[in-house]
Amino acid sequence: MMMRQFNRGGSVLKALLAATALSGAATATIAQTDTGFAISLNGAPVAGDRAIVERVRTVDIALADADIRVTFDGLGAEPRLDLEQSPGATDGAVVLRSALNYPAYVDRGEMRIVDLAALCGPRVVSVVPVDPNGEVSVDLPQGDDLFVVHRVYDASGRYDETAAQPLGADLPMGSVADVEEGRDTLRRRGIPVFGGAVTVSGASVVQGAQVQALGEILRPDPAGRFVIQRILPQGTYEVDVSVTGPGQSTDLTRDVTIPAADWLAVGTADLTFGTRTGGRDDTSDTYATGRLAGFVNGRTATGYEVTASVDTGEGPLDTLIRDLDEKDPRQLLLRVDPADDYPTFGDDSEIVDLTPTSGKIYVRVAREGNFVQFGDFVAALGDNVFVRNDRTLYGAQAHVESRDQTVFGTPLRQATVHAAQPEQIPQREAFVGTGGSVYFLQQQDIARGTEQLFVQVRDPQSDRIIDSKVLVPGVDYQINYIQGIVTLSRPLSSTSGDGLITSTGSRRDDVVLVAQYEYTPVAGDVDGYATGVRLEGWLTPQLRVGVAGTQDDTGLRDHRLVGGDILFAPSERTYLRIDAAESDGQGIDTLLSFNGGLNSETQAAAAGQGRSLRVEGRADLADLGIAQEGVLGGYAERRDEGFSSLDTQVTETTGDEDLWGVFGDLRVSDASTLKLSYDSYTNETGDEDLEGEAELTTQASERVSYTLGAVRIDRDDAREEGNRTDVAARLTYAFDDSVSAFVIGQKTVDRDGLDRNDRVGLGVIYDTGTGWVIEGEVSDGNQGAGARALAVRTDASGDTQYIGYTLDPERDLDGLDLIGRDRGRVVVGGRRTVSETVSIFGENTYDMFGQRESLTSAYGVTYRANAALTTTIAYEMGQVQDSLSNDFDRHAISVGAAYATEDLTANGRIEYRTEDGTLSDAPLDNDTILTSMDLTYKIDETQRILFSADSLRSRSDQASFRDGDYSDVSLGYALRPIENDRFNMLARYRYLDDQVGQRLDGTDDLGPVQRSHVVSLDASYDVNRFWTLNGKVGYRSAETATDRDATFARNDAALAVIGARYHLVNEWDMLAELRHLALTTADVTETGALIAAFKQINGNVQIGAGYNFSHFSDDLTDLTYDDQGVFLNIVAKY
């Protein structure tokens, strides 16, 4: 819910914010005894028994004298979990310390030591029990890649877990061992925590003194400060605080009550019914308009958390609940990041978004992982390989799960269902990694918060998903919703894999950035539904079954996907699973790009009906009773033509597809490991790709290691036919811990049809010790020269710099013929904090794939001149040139600034994007400029000057939004006295250039357009507590037209309004206004009046009626002239 918080007046929303502060944001305390209660806010008594007030005050004075504070932070406190490490008492030992602020909800804890370098993934080396907020000493086991994770469990087996830390890592800079500092490194949350947070803090503790609070002994930091916070369940607690030491002796008890339930609710309904005559077509009609708005937030005594909001906006009653995200150039102004655009209202108010939602309603009821909600959600459908839905939708979603958990931390039973009526269209794009971090999305005007980004590793022959990682916004990437630009936090290479034969030049697995998001189309309505369901349950501790289904009917294309899955998992590293699915209809097309999105090609989704079946398994040899370290596994998959899912499209190009493979990673001795794999892909059209590989790696000595390998390839497709056997060797020598070098040799020993692949090369890896890590490799062979060089620097502050070059002799852009010579790809970039005031970002990617050349550049600077001023500038450029049908440039620039002092707040941002040239033989000409600025200056406590400006210019032959110009500039002055507030005044100048057209009576029809300058002055004077006089004068200098294609004509006007309001507290409000409008250009004048009376039925309901004798409103930019008529107004509030 978007709330506007005022510093004066009787606003309902002011009461809302005040209540929020009372329930948690402020320092509120509640004391109770058998004889009464007392409530204080920030130390000041608010209500209650005088005896209790005095008793609490006495304790507070004593605590203040001792420089100690005891506060209650309400029911919204955040659980925190951390892991601290420090050297042990003996060599090779480390102390692991648990730190959390909710021990009352935890049954037990443990430290899990994990070997991330183990064969086939992380392996838990040992599990050490630890008490919550306790510590344990462990000896460092052998291993170069050992990490530790802190996990805590509740009584039902649900657990929370920290992020992994290197075992033996130092404390963060500035931290002190055994001092509670409030850090939170929580990575996984499964324990439901609700209650109130009691915080005890203090300062000026002399060295050597002992502090005890909340039953625990605390260690102050070197400055003599301490703090402890604990989240406690509902109830009344005696908080004991004692400080004993030289010159200090404090022992006090503070009573704190944590309520069982906490509620906050406000709401209003404003309904108006009436008739209206006049207008441009001189017709009469009736209307019923209104607005509903409300907000509820709280928790019941039984643990149900309820958050809800509604704000329909003002409009016809029959459309109040409808989502009307119409496509309009002015809608782009709503996509500006709130952090870059701070609205000001001249009264020290601010916008607080407590229930973000793209629609008008948000409701969520939750308890211990179970919830029902209506609002924005990600339509996740669980663990089925095929049945997935990554869309962000606005609609209803429900989830229910059992309290009991498996050893894997998942509920024994759970179900999820959703239903939505999308107003937008999903877009899915795939970008093969360029070695850089900047990627351009095809669409602009992306719906905020709807994006889902993944990095996937794919088999280049079968397109099988080998691995997939969900990216976290703000951590892994940033996105510009207006320009459609994604910036990753780290560069993304095009290939992955450490196989010997696939080193430089031969096939490696593709690394792909997948982006799915929602956007609003230029024209037409999206009429359809999106539904989904997932049910799963564990029949035994090792056996789980699940079913899932999704249906997406957009009106443009309909698609249904249903499936089931069975998982048998006796341990974390051993499992067997079966996934099956059936699809019907056409799925989502995918746009595939090889140059970061500068241009892309459409991979059409499969249509029709099809099925897919996949069996996959893996077994850790230890779980099979074999002492040898290693893992065996395999998979088999059948895909029918017509099958369509997010990552799998089986079209008539391939027909039915069959995939299967086996693999093994084995430790054959203390010094040697053996890797085996075999993959097979065939399809109905006759394509065949078979590949088997074996690698033996041996650590011959502390400095020398070698790898021997062999691979057999059998291939028969449209591009290649034949077979080949290659053998290879790699010798690595480590000069020390920072420098190692290697040589490689590869030879084709047998072939039939396929080209030879002999190759020799050498490389080096060098850790300079200054933060730079340099890797380089060069090779040459039958396929041509190959090279790979990468230098990366990351320092303690998070700054990164990188430069890389890749030349892959067998690089292929999805079948695009290479014309000329491939000279590789160069990437240079970095992020750096130059000083406390300046941080910069830059990246250049130059791709030289024969005659198809592309250049992508991105630069950004943030300058914080002082504590008040921050400026940012970002520039992105892309260029594609080839001898075929593409020759275009893309440029995007963004400039922003923010300035804030106690009296002056200003901020603004300008966004510009242009595309020009030829794309696929078609002309390309797009230009978009957007600006948004706000300024507020507080002359003194009673006077404000405010300025705001919004402007949009759009010229496009292809973009996803209409052409149009729209500018709205406003300059105002506000006088709002405090001590003697009888007289209030607001002066305003407004410039409006609307080349889009006003909407008529809430319909999609566009009406008058205009260019106007408006000057107005509003004032009110309270004669006494009953009577208020008000007046308004205004002048408009304008050019108007009936629509955007008509000829403009002068339309100047002057307006004068004078009125009086009678107010009888809790009884009546009566209003009378006299209005005069002069259309100076047309030499027409009109005088009218408005009268109304409102009756206060009670403190919550008001009913009023009135009549507007004027055809015009008091807004000089309103050109519809259809305001005459009688009206009935009903207002209810809570």
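If you go through segment 448-464 and keep only what is at pLDDT below 85 and not basic (Lys, Arg), you end up with 449, 450, 459, 460, 461, 462, 463. When segment 223-239 is filtered for residues that are surrounded by 15 or more Cβ atoms within 10 Å (Cβ to Cβ) and touching a Ser or Thr at 6+ places or on another chain (Cβ under 9 Å), the ones remaining, listed by number, are 224, 226, 227, 228, 229, 230, 234, 237, 239.
Considering each of 798, 820, 830 in turn, give the residue that is at pLDDT below 80 and not in a loop (DSSP other than H, G, I, E, B).
830
Checked against (1) at pLDDT 55 or above; (2) surrounded by fewer than 19 Cβ atoms within 10 Å (Cβ to Cβ); (3) in a loop (DSSP other than H, G, I, E, B), residue 483 meets all criteria but (2). Scan segment 723-751 for residues that are among the basic types (Lys, Arg) and within 47 Å of the chain's Cα centre (by Cα) and the total you get is 1.
From 556, 598, grab the single residue that is at pLDDT below 85, outside any strand (DSSP E or B), among the aliphatic types (A, V, I, L, M) and surrounded by fewer than 19 Cβ atoms within 10 Å (Cβ to Cβ). So that I can check it myself, show each step before the final result.
Numbers: 598 fails: surrounded by fewer than 19 Cβ atoms within 10 Å (Cβ to Cβ).
One residue alone meets the criteria, 556.
The one condition from (1) in a loop (DSSP other than H, G, I, E, B); (2) crowded, with 20+ Cβ neighbours inside 10 Å that residue 583 does not meet is (1). Scanning segment 185-211 for residues that are modelled with pLDDT of 85 or more and of a type outside the set (A, V, I, L, M) yields 185, 187, 188, 189, 190, 192, 199. Going through segment 384-406 one residue at a time, which ones are touching a residue at least 40 places away in the same chain (Cβ under 8 Å) and in a loop (DSSP other than H, G, I, E, B)? Residues satisfying the conditions are 384, 385, 386, 387, 388, 389, 390, 391, 403, 404, 406. Quick check, is residue 734 more than 25 Å from residue 693 (Cα to Cα), of a type in the set (A, V, I, L, M) and in contact with a Lys or Arg (Cβ under 9 Å, 6 or more places away or on another chain)? It is true that residue 734 is more than 25 Å from residue 693 (Cα to Cα), of a type in the set (A, V, I, L, M) and in contact with a Lys or Arg (Cβ under 9 Å, 6 or more places away or on another chain). Within segment 712-747, the set of residues being within 30 Å of residue 769 (Cβ to Cβ) and either in a strand (DSSP E or B) or in contact with a His (Cβ under 6 Å, 6 or more places away or on another chain) (or both) comprises 730, 731, 732, 733, 734, 739, 740, 741, 742, 743, 744. If you check every pair at least six apart or on different chains, which have Cβ atoms under 7 Å apart with a residue in segment 1026-1051 that is over 28 Å from residue 1074 (Cα atoms) and in contact (Cβ under 8 Å) with a residue 40 or more places away in the chain first and a residue that is among the β-branched types (Val, Ile, Thr) and part of a strand (DSSP E or B) second? So the pair list comes out as 1043/1009; 1044/1009. If you go through segment 901-936 and keep only what is modelled with pLDDT of 75 or more, of a type in the set (Val, Ile, Thr) and part of a strand (DSSP E or B), you end up with 905, 910, 914, 929, 931, 936. Considering the conditions (1) surrounded by fewer than 18 Cβ atoms within 10 Å (Cβ to Cβ); (2) more than 27 Å from residue 152 (Cβ to Cβ), residue 183 is excluded by exactly one of them, (2). Looking for something in a loop (DSSP other than H, G, I, E, B) and surrounded by fewer than 15 Cβ atoms within 10 Å (Cβ to Cβ) - is there at least one such residue anywhere in segment 704-711? No, there is no match, as no residue in segment 704-711 is in a loop (DSSP other than H, G, I, E, B) and surrounded by fewer than 15 Cβ atoms within 10 Å (Cβ to Cβ). Considering segment 407-424, the residues that are assigned to a strand (DSSP E or B) and not hydrophobic (A, V, I, L, M, F, W, C) include one that is modelled with the lowest pLDDT, namely 411. The test for being modelled with pLDDT under 70, buried (at least 17 other Cβ atoms within 10 Å of the Cβ), touching a Lys or Arg at 6+ places or on another chain (Cβ under 8 Å) and on the phi > 0 side of the Ramachandran plot holds for residue 346.
I'd like the full set of residues that are closer than 10 Å to residue 943 by Cα, among the aliphatic types (A, V, I, L, M) and in contact with an Asp or Glu (Cβ under 9 Å, 6 or more places away or on another chain), limited to segment 963-977. Steps first, answer last, please.
Taking segment 963-977 as the starting set, the residues that turn out to be closer than 10 Å to residue 943 by Cα are 973-977.
Filter once more, so that each one left must be among the aliphatic types (A, V, I, L, M): 974-975.
Answer for segment 963-977, where residues must be closer than 10 Å to residue 943 by Cα, among the aliphatic types (A, V, I, L, M) and in contact with an Asp or Glu (Cβ under 9 Å, 6 or more places away or on another chain): just 974.
For segment 425-447, residues that are outside any strand (DSSP E or B), at pLDDT 75 or above and closer than 11 Å to residue 392 by Cα total 0.
At least 3 residues being not hydrophobic (A, V, I, L, M, F, W, C) is the threshold, and among the strands (runs of 3 or more DSSP E) wholly inside segment 189-274 those reaching it are 196-202, 235-245, 248-258. Can you name the residue in segment 137-153 that is among the charged types (D, E, K, R) and in a loop (DSSP other than H, G, I, E, B) and is also modelled with the lowest pLDDT among such residues? For segment 137-153, the residue satisfying everything is 144. Against the numbered list (1) closer than 26 Å to residue 897 by Cβ; (2) at pLDDT below 75, residue 939 comes up short only at (2).
The values are calculated or read from the model by the stated rules, or taken from the named source; none is laboratory data. Being a predicted model, the structure only gives us computed values, none of them experimental. Neighbour counts run over all protein chains shown; Cβ positions are idealised from the backbone, glycine included.
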